[in-house]
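Reading through the structure tokens given below for one structure.
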Amino acid sequence: GQNIDQPTEMTATEGAIVQINCTYQTSGFNGLFWYQQHAGEAPTFLSYNVLDGLEEKGRFSSFLSRSKGYSYLLLKELQMKDSASYLCAVRAGYGGATNKLIFGTGTLLAVQP
Amino acid sequence: DSGVTQTPKHLITATGQRVTLRCSPRSGDLSVYWYQQSLDQGLQFLIQYYNGEERAKGNILERFSAQQFPDLHSELNLSSLELGDSALYFCASSVGVGQGYEQYFGPGTRLTVT
């Protein structure tokens, strides 16, 4: 079966660093994505990991450990506009036949002044 | 703006009715995905098409169907609507189906069933 777990809510302070964790159990793992979603809007792509390690992209970094079924998204120098839901999604499929994403329920991050 | 367009933006209809949601992928993208997002659940994968062919199915109800046309736009048909079908329906597209192809999401269609 497929199972993805993230904390439901987190609160952080403007200018600080926050780490959002994601654990997963899936079959046919082919990569992990992080998306940002503001309320009522479309998810927007943040990062992608398929190999173990850290991927850095400006203020955002994402880490993956396939053996542990674990990923995190690190947001640095938090800004008020970073208040949003952060979705962890696992790409599931065999042999490249599909690219369907299995999403976690998301972590609602509130950035406070 | 992701380049994926969806119409209509909002749809209000009654139980038992049938609606069609439309999606145009980004230019050059061959794969289209449909997702449902309701208040109490995360994004749920419904179905994927690649260059006109169905590639993967999620927990899509039998009352729902989709297709991708030769010009690559896609339609999601929802019939015998129930109150529980009220949700945001997103379409996403990607260039291909191999590793690493990120999906770009459209703005969504908000369906309200009364």
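The values are calculated or read from the model by the stated rules, or taken from the named source; none is laboratory data. Bear in mind that the values here come from a model prediction, so they are computed numbers and not experimental data. Methodologically, a virtual Cβ is constructed for each residue, glycine included, from the backbone with ideal geometry; neighbour enumeration extends over all protein chains shown.
What the table below lists for this structure:
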{"item": "For B:Gln67: the one exception among (1) within 11 Å of chain A (Cβ to nearest Cβ); (2) among the polar types (S, T, N, Q); (3) assigned to a strand (DSSP E or B)", "result": "(1)"}
{"item": "Residue check for A:Tyr48: closer than 13 Å to A:Arg91 by Cα, aromatic (Phe, Trp, Tyr) and more than 12 Å from chain B (Cβ to nearest Cβ)", "result": "no"}
{"item": "Residue count for region B:99-114, restricted to those that are assigned to a loop (DSSP other than H, G, I, E, B) and either modelled with pLDDT under 95 or under 16 Å from the mean Cα position of the chain (by Cα) (or both)", "result": "8"}
{"item": "Number of positions in region B:1-41 that are in a strand (DSSP E or B), more than 24 Å from A:Gly104 (Cα to Cα) and small (Gly, Ala, Ser)", "result": "1"}
{"item": "Criterion: within 23 Å of A:Phe33 (Cα to Cα), out of contact with any Pro (no Cβ under 7 Å at 6 or more places or on another chain) and modelled with pLDDT of 90 or more - qualifying residue of B:Ser2, B:Ser31", "result": "B:Ser31"}
{"item": "Selection count where residues are exposed (fewer than 12 other Cβ atoms within 10 Å of the Cβ) and closer than 13 Å to A:Lys76 by Cβ, scope region A:14-28", "result": "1"}
{"item": "Top-ranked residue in region A:41-71 [being surrounded by fewer than 18 Cβ atoms within 10 Å (Cβ to Cβ) and aromatic (Phe, Trp, Tyr); ranked as farthest from B:His10 (Cα to Cα)]", "result": "A:Tyr70"}
{"item": "Lone unmet requirement of (1) more than 24 Å from B:Gly3 (Cβ to Cβ); (2) among the small types (Gly, Ala, Ser); (3) at pLDDT below 95 for B:Ser80", "result": "(3)"}
{"item": "Flag if A:Glu77 is touching a Gly at 6+ places or on another chain (Cβ under 7 Å), surrounded by fewer than 20 Cβ atoms within 10 Å (Cβ to Cβ) and of a type in the set (Asp, Glu)", "result": "yes"}
{"item": "Residue match in region A:6-26 (condition: in a strand (DSSP E or B), closer than 30 Å to B:Arg110 by Cα, over 13 Å from the mean Cα position of the chain (by Cα) and not hydrophobic (A, V, I, L, M, F, W, C))", "result": "yes"}
{"item": "Those residues of region B:34-59 which are more than 9 Å from chain A (Cβ to nearest Cβ) and of a type in the set (Ser, Thr, Tyr), in sequence order", "result": "B:Ser38, B:Tyr49"}
{"item": "Residues satisfying the stated conditions in region B:80-98, i.e. within 14 Å of the chain's Cα centre (by Cα) and either in a loop (DSSP other than H, G, I, E, B) or loosely packed, with under 14 Cβ neighbours inside 10 Å (or both)", "result": "B:Ser86"}
{"item": "Complete set of residues in region A:34-82 that are under 23 Å from A:Lys100 (Cα atoms) and touching a Lys or Arg at 6+ places or on another chain (Cβ under 7 Å)", "result": "A:Ser47, A:Asp52"}
